[in-house]
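Notes follow the structure.
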Amino acid sequence: MQYLSTRSHDEKATSAEAVLRGLAPDGGLYVSEAIPAAGLSEEALLSLDQYALTAHILKKLLSDLPAAAVEAAVRDGYSGKFETEDLTPTVPVAGAHVLELYHGPTSAFKDMALCLLPRLIATSSQACGVKEDVLVLTATSGDTGKAALAGFADAPHTRVMVFYPEGGVSEVQRAQMVTQEGKNVCVCAVRGNFDDAQRGVKDVFARFAGKNVRLSSANSINIGRLAPQVAYYFKAYADLRRAGIVQSGAPADFVVPTGNFGNILAGYIAKRMGLPVGTLVCASNENDVLTEFLQTGVYDRRRTFHKTASPSMDILVSSNLERLLYFASDGNAPLVAELMRQLAETGMYRVPEALLARIQGEFACGKADDTAAFDAIRRIWESEGYLMDPHTAVAWRVYEAYRASGRCKNPAVVLSTASPYKFAPAMLEALGIPVPENGFDAMEQLHGVTGAPVPAALAALRQKPVLHRNVIDPCGMPAYVEQKADQAQWAK
Ligand SMILES: *Cc1c(COP(=O)(O)O)cnc(C)c1O
């Protein structure tokens with residue numbers, strides 16, 4: 001499979017090179033030259049288990065990686081790491097279905113990809129004949145960081161650095177990262193928000209181009225992050241088919257709590273591979289830059305950044321939208337390059353009418369602020385006995401509005417992206433229960449209320465010593481990475 005940059009067809013790469021590099025040298029994102037058909041009969045879709053299904057999709061999307069290595073990556077990456085037998089259960093809730101993507105080692109959907117990415121990078125490294133270690137840079141809005149640390153800790157020939165916004169993640173998310181053990185891990189807070197950290201990482205890529213350090217990325221700018229996410233859409237659809245919720249070939253709609261546009265883009269890729277996906281509904285919190293874009297065709301990041309109860313969606317520059325612009329314009333790289341230039345220089349862009357119409361044909365959207373999300377958490381808990389985290393609740397509220405609008409004609413799947421226990425204080429507030437000062441007390445209290453088990457890895461955090469205390473300015477990131485890259489070992 002040939003990969004190209006969204007910004008220029010002259011930037012070509014194999015899938016192994018694309019996984020290894022993360023970002024294209026011209027600052028664009030890698031996209032496959034054509035989106036491959038899934039090549040799955042209905043019989044195969046319904047009979048393959050999730051491991052085989054995931055390996056099948058990965059082999060289509062990353063076709064020049066050795067098939068046996070991809071199969072081993074899926075098997076070894078997922079086996080024994082999930083709390084549930086079914087990696088991603090599809091649960092009926094109040095007339096819809098919730099796809100639970102958070103039963104992995106760090107209790108967020110990022111695990112679905114980051115359990116596999118270290119192995120995909122190692123395989124890519126080998127395929128490209130790379131000898132030196134790979135330095136994996138990660139900006140996180142809260143969940144990618146820990147999932148990357150867990151995935152890469154003590155993995156051979158790789159080192160991982162995580163930058164998170166100081167004060168911009170939940171107490172438990174922070175604890176998950178700053179207590180991370182491993183000789184090849186480094187965690188650093190950035191005085192700024194996620195967008196500052198993400199821009200900093202892209203800056204580092206630009207400045208290190210040509211230097212003797214192999215950089216890669218664990219963010220969803222890396223195609224190795226997106227590809228595994230495509231697979232669970234197929235799995236969820238198969239679940240609906242098996243339960244008799246959709247008929248053969250009939251579409252299902254997916255509602256996705258969105259930040260960097262990676263999760264929902266994976267749904268779009270699944271659709272282009274042939275999965276019967278109806279409408280993809282993009283749900284935003286108060287940072288509603290995507291809602292406005294999908295309604296008006298204007299992307300304008302010049303707005304107030306809101307800190308919300310769904311911090312992993314507190315993002316104003318959604319990187320993967322660039323890939324959608326590319327695919328929906330039939331690969332118009334010069335147009336994408338121009339729009340991205342405008343975004344960088346003026347903070348906004350407007351897409352041509354025809355492109356907007358095409359995008360609106362596939363996507364619906366909506367937003368929900370904290371009050372609306374908390375209302376959904378409480379109502380669904382009280383009426384259904386089902387607990388959803390604040391990110392999932394944003395999507396649920398948007399799903400309710402979408403259904404009320406009469407546009408929802410298909411069975412709907414709401415993607416659930418995190419365990420409620422990662423956000424216990426917000427959950428208690430939503431349920432109208434006094435919130436203790438300490439996040440871990442809140443976790444125990446939430447357990448007392450709901451009886452639902454606390455994921456063991458989260459409960460254990462309380463006892464762990466803090467190992468990472470550095471805080472830097474965003475502009476200091478390149479120097480910081482340079483200095484760290486020079487150290488032979490990061491003793492911890
Ligand atoms: C990362 C994240 C999101 C947003 O996903 P994107 O792929 O960035 O759109 C939503 N919810 C949770 C819990 C997350 O960790």
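Starting from the Cα of K409, draw a straight line to each of the lysines and keep only those under 25 Å, dropping any in the same chain fewer than 8 residues away.
Counting by Cα, and skipping residues close in sequence, K409 has these lysines nearby: K235, K271, K367.
Before I look further, what does the stretch 108-253 give for accessible area per residue, probe 1.4 Å, in whole square angstrom?
I get 30 Å² per residue for the stretch 108-253.
Which whole-number percent gives the relative contact order of the chain, counting Cα pairs below 8 Å spaced six or more residues apart?
Numbers: 968 pairs, mean separation 94.1, N = 492.
With pairs under 8 Å counted, the relative contact order is 19 percent.
If you average over every viewing direction, what projected area does the convex hull of the Cα atoms of the stretch 167-257 give, in nm²?
The directionally averaged projection comes out at 9.7 nm².
Please report the projected area of the stretch 204-313's Cα convex hull averaged over all directions, in nm².
9.7
Which percent of the accessible heavy-atom area of the stretch 30-139 goes to carbon and sulfur, probe 1.4 angstrom? Mind dumping the intermediate values first?
Values: 2070 of 4020 Å².
C and S fraction of accessible area: 52 percent.
Suppose every Lys and Arg Cβ carries +1 and every Asp and Glu Cβ carries -1, with no other charges. What dipole size does the chain come out with about its Cα centre, to the nearest 20 debye?
640
So, by mean Cβ neighbours within 10 angstrom, what's the order for 136-146, 273-283, 403-413 with the highest one leading?
Ranked from most to least packed, the peptides come out as 136-146, 273-283, 403-413.
Restricting to Cα pairs below 8 Å that are 6+ residues apart, what does the relative contact order work out to for the stretch 393-492? Please round to a whole percent.
Computed value for the stretch 393-492: 16 percent relative contact order.
What whole-number volume per residue, in cubic angstrom, does the convex hull of the C-alpha atoms of the chain give?
Output value, Cα hull per residue: 131 Å³.
Could you pull out the longest piece of the chain with no exposed loop GluC sites (Glu not before Pro) in it, calling a site exposed if DSSP puts it outside H, G, I, E, B and it has at most 14 other Cβ atoms within 10 Å?
With a cap of 14 other Cβ atoms within 10 Å, the longest stretch comes to 182-436.
Charges on Cβ only, +1 for Lys and Arg, -1 for Asp and Glu, centred on the Cα centroid of the stretch 51-111; of A108, P66, G77, which one is farthest towards the dipole's positive end?
Going by the Cα projections, it comes out as P66.
What is the sum of charges around Q342, taking Lys and Arg as +1, Asp and Glu as -1, for the other residues whose C-beta is under 14 Å from the C-beta of Q342? If you can, show how the numbers build up before the last one.
Working: positive: R7, R301, R302, R341, R350; negative: D300, E322, E338, E345.
It works out to a net charge of +1.
The values are calculated or read from the model by the stated rules, or taken from the named source; none is laboratory data. The model shown is predicted, which means the values in this text are computed figures rather than measured ones. Backbone-built Cβ (ideal geometry, glycine too); neighbour counts: all protein chains shown. Heavy atoms of the whole protein, side chains included, go into the accessibility calculation; ligands, DNA and RNA do not. Shrake-Rupley method; radii C 1.70, N 1.55, O 1.52, S 1.80 Å.
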